[in-house]
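Asker: So that we are looking at the same thing, I have put the structure below in structure tokens.
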């Protein structure tokens, strides 16, 4: 990896932290340059605008797990095994970036069209479409119950994301330390799988 690539990767890592902490609107190029230990002119050499930097951060986040989704839904494993593997991927990312759900909620609320344009530009929309097509095909075959896709989306992502969005509440009332929180993550994964099974699988 060249020195330029190393610097660019460092900028993306710093920008990701700043965007997650402060949101797109409150993050500044000067702040990112300072935290990255470079001048603002050097920052502009790699990313001319904050939009370009945000797109690079978003692409980096998406591509850290999107290819795994494609692999999971293209293999021949049973449905609940796919659900568990998808959960493992998301938990891996959320452990690494625990502020990610807040970041996404904030940016969706700020400008959903901006987020959609980034998703489309990166070609990420093919992944939810692939999952939706898989689910609907399994429903048509009678392998899964017929349930509207938004209900499945809310059941899965609502349960998964609130564990991290509500982390401060959980830490205040239910767990004593990081070890207990991580144990709860593993325990909660079992309940999410059970909820998905109840929602979609025949007895």
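The values are calculated or read from the model by the stated rules, or taken from the named source; none is laboratory data. Note that the coordinates shown come from a computational prediction; the quantities given were computed from them, not determined experimentally. All Cβ positions, glycine included, derive from the backbone under ideal geometry; neighbour counts span all protein chains shown.
Asker: Which of the residues that make up the stretch 126-166 are under 19 Å from residue 83 (Cα atoms) and not in a helix (DSSP H, G or I)?
Answerer: Correct list: 141, 142, 143, 144, 145, 146, 147, 148.
Asker: Same structure again: If you scan the stretch 183-203, which residues turn out to be free of Cβ contacts under 8 Å to residues at least 12 places away in the same chain and over 22 Å from residue 139 (Cα atoms)?
Answerer: Just the residues of the stretch 183-203 that are free of Cβ contacts under 8 Å to residues at least 12 places away in the same chain, to begin with: 183, 186-187, 190, 194, 198, 203.
Selection gives 183, 186, 187, 190.
Asker: Return yes or no: is residue 32 at pLDDT 90 or above and closer than 30 Å to residue 130 by Cα? Spell out the reasoning first.
Answerer: On the way: at pLDDT 90 or above: yes; closer than 30 Å to residue 130 by Cα: no.
Considered against the rule, which asks whether it is at pLDDT 90 or above and closer than 30 Å to residue 130 by Cα, residue 32 comes out as no.
Asker: Just to be sure before I move on: is residue 134 modelled with pLDDT under 90, under 20 Å from residue 69 (Cα atoms) and surrounded by 11 or more Cβ atoms within 10 Å (Cβ to Cβ) in the structure I sent? Working first, answer last.
Answerer: Details: modelled with pLDDT under 90: no; under 20 Å from residue 69 (Cα atoms): yes; surrounded by 11 or more Cβ atoms within 10 Å (Cβ to Cβ): yes.
In short, no.
Asker: While we're looking at this one, here's another question. So which residues in the stretch 167-176 are surrounded by 13 or more Cβ atoms within 10 Å (Cβ to Cβ) and either within 20 Å of residue 105 (Cβ to Cβ) or under 18 Å from the mean Cα position of the chain (by Cα) (or both), if there are any at all?
Answerer: Scanning the stretch 167-176 gives 167, 170, 171.
Asker: If you don't mind, there's one more thing I want to ask. Could you list, in sequence order, the residues of the stretch 111-125 that are surrounded by 15 or more Cβ atoms within 10 Å (Cβ to Cβ) and in a loop (DSSP other than H, G, I, E, B)?
Answerer: 122, 124
Asker: Would you mind stating whether residue 179 is over 15 Å from the mean Cα position of the chain (by Cα) and not in a helix (DSSP H, G or I)? Full working, then the answer.
Answerer: On the way: over 15 Å from the mean Cα position of the chain (by Cα): yes; not in a helix (DSSP H, G or I): no.
No.
Asker: I would also like to ask the following. What helices (runs of 4 or more DSSP H) lie completely within the stretch 1-107 and have 3 or more residues being outside the structural domain of residue 130 (by TED's automatic domain parsing) and crowded, with 16+ Cβ neighbours inside 10 Å?
Answerer: On the way: elements: 3-26, 29-36, 40-46, 50-62, 66-74, 79-96.
Those helices (runs of 4 or more DSSP H) span 3-26, 29-36, 50-62.
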